[in-house]
Amino acid sequence: MVISLFQNCIVLLWFSIGIYQVYTGNKNFLLIGMLISLIIPRFVLNANIKIPPHYFVFLLLAIWTFFNFIIKKQKTSLEIGFFILPITYFFLLCLVFTGSLNGILSVEQREFFGASLFGLFIFVVELLLFSLFISEFRHQYYCLVKSIDIIFFTLVLANLGTAIFQLFFGQINIFQNLYSSQTNNVLGIMSRMGGFHRATGLFPSPVNLGVFTLLSFAYFIYRKQFYISLLSCSLGILAASKTAIIGIPCLSILVLVFISIKKVTTFTTKKSSIRFAIFLSFTCPILLVLIYFLGQSKGVYINYYLKYLIKPFDALHSRYTGDITFLKITYESIKQHWLIGSGFTFLPRENLGDSMYIFWLKTTGILGMCILFTGILTLLHHFLNGETGILIFILAFLFSGLALTNTDFFSNSIMSALLVTSSSNKHKNLLTNIHVVTTSDQN
């Protein structure tokens, strides 16, 4: 009861600060506050109902839009490219609705989950409002990049400190009360197993922490803040996340390939290439020492997850192999409704799993997958324009889709923000010189 009251106070304080930023028109702090919501605990209504913080972000965005465009009658010029992502999700939402009707009208005994459809609708509208909000930064590139730097650096440090605390001091009940929910009770399972054997950070599960680790690593590499990305590597090891353990080496190899063929403008300078090579040679020994000490700790399963470095495709077994009961049923459902999917209607024991690709294939069918990849290809065509360094982050986003559905506000909003930062030649030149968080340029 005390913890629930405490976390509700945190949410209300954070939301009140956000309202104040809307009133004062401080877009930078409002942006930071909205994206920091990633680690804000859920608002507890009762033992069974916990409201995710992104619903409060939705309210902030709605209030900001109403205040600026209805009350102040502010005028703005819109660029269609900034809305490619929400438009893609809008078409997918329409297909999910159609697929749900298809599932309800089918002869099978399916259960319809209207709450899931409503949650997806809120997510799409939220991302649309955020795209409108972030487009206001298109002529304030320095402010936008600085804000995203602060967000990622703060989140990485907060999660790193929390992860170390979890593995060495435990106190799993505190984190279970803060971050567990009916749909994600990994911390509850860990509690019954005796405590933390993998760090979860300020997330409900190690999978979420692993995906965040991969995205933050890609961002710091994109920004050439190589030594700070070492913190992300450490975080992935503490989480013992297959997504991070396999994804980070894969992205590093891709960066080396890009450097060798000189197709990434972020790394075309000799200085940048040398710095990245030094970073890799400096990082590997440190990470090996960290892995050694974690391997000696009782109850930490890092050695088990490191085997996937040798056999990376085995990591896909738990999410894609039809030997698992709920995936057998899901695959059968996909076969029966392969064109437009079956939406949020489910057969008994059917499950969406933890994959963006299975999620959209099941809910929207082949047509939805075509829409998804058409949207991604449109983004690449519209925004790359020689600043192909952003491809690193997009690849990380697609790679993380192997572990999560990626229908979350944080990763998509960061994607939207990065698309704005790469939208002009002027900013691409600026990105090469700005190092807000890194300390290497202070020498």
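The table that follows gives values for the structure above.
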quantity	calculated
The stretch 119-128, residues that are of a type outside the set (A, V, I, L, M) and open to solvent by less than 30 Å² (accessible area, probe 1.4 Å)	Gly119, Phe123, Glu126
Residue pairs meeting the criteria (Cβ under 7 Å; at least 6 apart or on separate chains; first polar (S, T, N, Q), in the stretch 101-118; second open to solvent by less than 90 Å² (accessible area, probe 1.4 Å) and outside any helix (DSSP H, G or I))	Asn102/His337; Asn102/Ile340; Asn102/Ser342; Asn102/Gly343; Ser116/Phe344
Filter result (β-branched (Val, Ile, Thr) and modelled with pLDDT of 90 or more) within the stretch 112-153	Ile122, Val124, Val125
Residues being within 18 Å of Thr65 (Cα to Cα) and aromatic (Phe, Trp, Tyr) - total across the stretch 75-107	2
Residue list for the stretch 134-165, restricted to those being among the aromatic types (Phe, Trp, Tyr) and open to solvent by less than 10 Å² (accessible area, probe 1.4 Å)	Phe137, Phe152
Selection within the stretch 80-100 - in contact (Cβ under 8 Å) with a residue 60 or more places away in the chain and open to solvent by 80 Å² or more (accessible area, probe 1.4 Å)	Phe91, Phe97
Residue count, the stretch 393-409 (criterion: under 13 Å from Thr213 (Cβ atoms) and touching a Leu at 6+ places or on another chain (Cβ under 9 Å))	4
Residue count for the stretch 34-54, restricted to those that are under 16 Å from the mean Cα position of the chain (by Cα) and not polar (S, T, N, Q)	9
Conditions (1) touching a Cys at 6+ places or on another chain (Cβ under 7 Å); (2) part of a loop (DSSP other than H, G, I, E, B): number failed by Phe217	(2)
Any hit, the stretch 52-69, residues being part of a loop (DSSP other than H, G, I, E, B) and within 30 Å of Asn159 (Cα to Cα)	yes
Failed condition for Thr213, given (1) of a type in the set (Val, Ile, Thr); (2) over 22 Å from Phe393 (Cβ atoms); (3) modelled with pLDDT of 80 or more	(2)
Out of Ser116, Ser131, Ser77, Ser106, sole residue that is out of contact with any Asp or Glu (no Cβ under 9 Å at 6 or more places or on another chain), surrounded by 20 or more Cβ atoms within 10 Å (Cβ to Cβ) and among the polar types (S, T, N, Q)	Ser131
Close pairs (7 angstrom Cβ cut-off, 6 or more residues apart or separate chains): within 13 Å of Ser229 (Cα to Cα) and aliphatic (A, V, I, L, M) in the stretch 138-159, open to solvent by 10 Å² or more (accessible area, probe 1.4 Å) and modelled with pLDDT of 80 or more anywhere	Leu155/Leu38; Leu155/Ile39; Val156/Leu231
Count of the stretch 166-189 residues which are open to solvent by less than 30 Å² (accessible area, probe 1.4 Å), within 24 Å of Asn46 (Cβ to Cβ) and either touching a helix residue (DSSP H, G or I) at 6+ places or on another chain (Cβ under 8 Å) or modelled with pLDDT of 85 or more (or both)	7
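Residue by residue, here is whether (1) within 23 Å of Met415 (Cα to Cα); (2) of a type outside the set (A, V, I, L, M) holds:
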site: Ile36; (1), (2): yes, no
site: Ile40; (1), (2): yes, no
site: Asn46; (1), (2): no, yes
site: Glu79; (1), (2): yes, yes
site: Ile84; (1), (2): yes, no
site: Leu95; (1), (2): yes, no
site: Gly103; (1), (2): no, yes
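Each row is one residue, and each column tells you yes or no for (1) outside any strand (DSSP E or B); (2) open to solvent by less than 50 Å² (accessible area, probe 1.4 Å); (3) out of contact with any Gly (no Cβ under 7 Å at 6 or more places or on another chain); (4) touching a residue at least 12 places away in the same chain (Cβ under 8 Å).
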position: Gln7; (1), (2), (3), (4): yes, yes, yes, yes
position: Val11; (1), (2), (3), (4): yes, yes, yes, yes
position: Gly18; (1), (2), (3), (4): yes, yes, no, yes
position: Ser37; (1), (2), (3), (4): yes, yes, yes, yes
position: Asn48; (1), (2), (3), (4): yes, no, yes, yes
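The values are calculated or read from the model by the stated rules, or taken from the named source; none is laboratory data. Values in this document were obtained by computation on a predicted structure and should not be read as measured data. Virtual Cβ from ideal backbone geometry, glycine too; neighbours counted across all protein chains shown. Accessible surface is based on the protein model in full, side chains and every heavy atom, while ligands, DNA and RNA are left aside. Shrake-Rupley method; radii C 1.70, N 1.55, O 1.52, S 1.80 Å.
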